[in-house]
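This report concerns only the one structure given below.
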Amino acid sequence: IGGKGLFSKQIEQELLDKKIDIAVHALKDLPSEETSGLETKIFLKRNDPRDVFISVDYKSIYDLKAHSVIGTSSFRRAAQLGILRKDLNIKLIRGNVDTRIQKLEEKKFDAIVLSYAGIKILGFENKISKVFSVEEMLPCVGQGVIALQTRKNDEKILNLIFRVNDHNTFNCVLAEREMLKTIEGDCDTAVGGLATINSNLITLKSELFSTDGKKKFSAKTSGRVEEAKKIGIKVGQELIAKAGNTYKKR
């Protein structure tokens, strides 16, 4: 119903019109290509980036009966779920978090999958049946990150907010988003990407899926934190080399 940018366009216009000076976004809702005249340079410390399984009757995805209906609004999650359980009926679910949980409790779905960070912020942690490991469900780029967006080169505002910028999150996000730019990913692209930092070493792992969700292409690269942008580009290029055009809708 609009894809990435749907939830950010209106607030970005307020920023461009100088009605506001700072826009606050869930980073995963922002397109990888920056809106002209704006820039996103400040990122709060990342919340838990993992996905969660929520069900009234089942404790995990592995407990679901064959042909159970599981809801998600994400092509990436749908592809990953299809790999974990080929016998499930994966259906699109829309609406706010509370609306989705209500549909679940009304037995319209046997289970749903959402982001841990969103559930936690809204106080629905008691609804979680299981937290997926990143090996089971690699998160989408920027998941769990709150981003602060400003007008381009607005030094006064940037100087005001730079102190809340988390250095590690900044570099992880830089690598992840460069990967997404390299593959020209959009709202129809089923792709996961998560960067982590250990001492001065940054590692970016990514998974890209074919449009039918049946093929998975993986790439992983590590390097110095200062090379975060290069690492993102390298992983993106490796994914393209493996996937060709199988991940793009014609």
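The values are calculated or read from the model by the stated rules, or taken from the named source; none is laboratory data. Just so it is clear, the structure is predicted and the values come from calculations on it, not from any experiment. Reconstructed Cβ throughout: ideal geometry from the backbone, glycine too, with neighbour counts over all protein chains shown. Areas reflect the complete protein model, heavy atoms only, side chains present, ligands, DNA and RNA absent. Shrake-Rupley method; radii C 1.70, N 1.55, O 1.52, S 1.80 Å.
What to note about this one:
- Residues located in the range 54-99, provided they are surrounded by 21 or more Cβ atoms within 10 Å (Cβ to Cβ) and over 22 Å from Ala195 (Cα atoms): Ile54, Ser55, Ile61, Leu64, Ile70, Gly71, Thr72
- Wholly enclosed strands (runs of 3 or more DSSP E) of the range 189-242 bearing at least 3 residues surrounded by fewer than 17 Cβ atoms within 10 Å (Cβ to Cβ) and of a type outside the set (A, V, I, L, M): 216-224
- Within the option set Asp212, Asp186, being out of contact with any strand residue (DSSP E or B) (no Cβ under 9 Å at 6 or more places or on another chain), in contact (Cβ under 8 Å) with a residue 24 or more places away in the chain and over 19 Å from Arg50 (Cα atoms) holds for one residue only, Asp186.
- Those residues of the range 14-37 which are of a type in the set (A, V, I, L, M) and surrounded by fewer than 18 Cβ atoms within 10 Å (Cβ to Cβ), in sequence order: Leu16, Ile20, Ile22, Val24
- Applying the condition of being charged (D, E, K, R) and in a helix (DSSP H, G or I) to the range 116-163 and asking which residue is surrounded by the most Cβ atoms within 10 Å (Cβ to Cβ) yields Lys127.
- Of the residues making up the range 171-179, one or more are buried (at least 16 other Cβ atoms within 10 Å of the Cβ) and basic (Lys, Arg).
- Number of the exception - Ile183 against (1) modelled with pLDDT of 95 or more; (2) open to solvent by 10 Å² or more (accessible area, probe 1.4 Å): (2)
- Selection of first residues in the range 93-121 that are within 20 Å of Asp48 (Cβ to Cβ) and of second residues that are polar (S, T, N, Q) and in a strand (DSSP E or B), restricted to Cβ pairs under 9 Å at least 6 apart or on distinct chains, gives the following pairs, ordered by first then second residue: Ile112/Thr72; Val113/Thr72; Leu114/Thr72.
- Enumerated strands (runs of 3 or more DSSP E) restricted to the range 1-82, each holding at least 1 residues that are farther than 21 Å from Glu155 by Cα: 23-26, 51-54, 69-72
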